[in-house]
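Read the structure below first, then the notes.
Values quoted throughout were computed directly from the atomic coordinates according to the rules given, and no laboratory measurement underlies them. Just so it is clear, the model here is predicted, and its values are computed rather than measured. All Cβ positions, glycine included, derive from the backbone under ideal geometry; neighbour counts span all protein chains shown.
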Amino acid sequence: MTHRRTTLSTILPADEHAIESVVARYQSVAPAVTRLARSLTGNDELKVLLGPNPSASADEIVL
């Protein structure tokens, strides 16, 4: 896996780089996570999101 240096990583303090790394890794697997969650729940409208806020509806899961 090749790591690209983003503008965000150049302006963030060193301790914040871990957060950027987690988000980047999640984004690479997000479609698979969403497909799995949809198949397990039987809900084709389900959205799986990464974030600090709680779900806004029954069709959202926030990690």
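May I ask for log10 I(q)/I(0) of the range 7-62 at q = 0.12, 0.17 Å⁻¹, from a Debye sum over the Cα atoms as equal point scatterers with solvent left out? With no solvent term, the Cα-only Debye profile gives -0.37, -0.64. Taking amide H atoms as placed 1.01 Å from N in the peptide plane, the amide H of Ile61 lies under 5 Å from those of Lys47, Val48, Leu49, each 5 or more residues away in sequence or on another chain. With each label modelled as a point 7 angstrom along the Cα→C-beta vector, the Leu49-Ser21 pair spans 2.7 nm.
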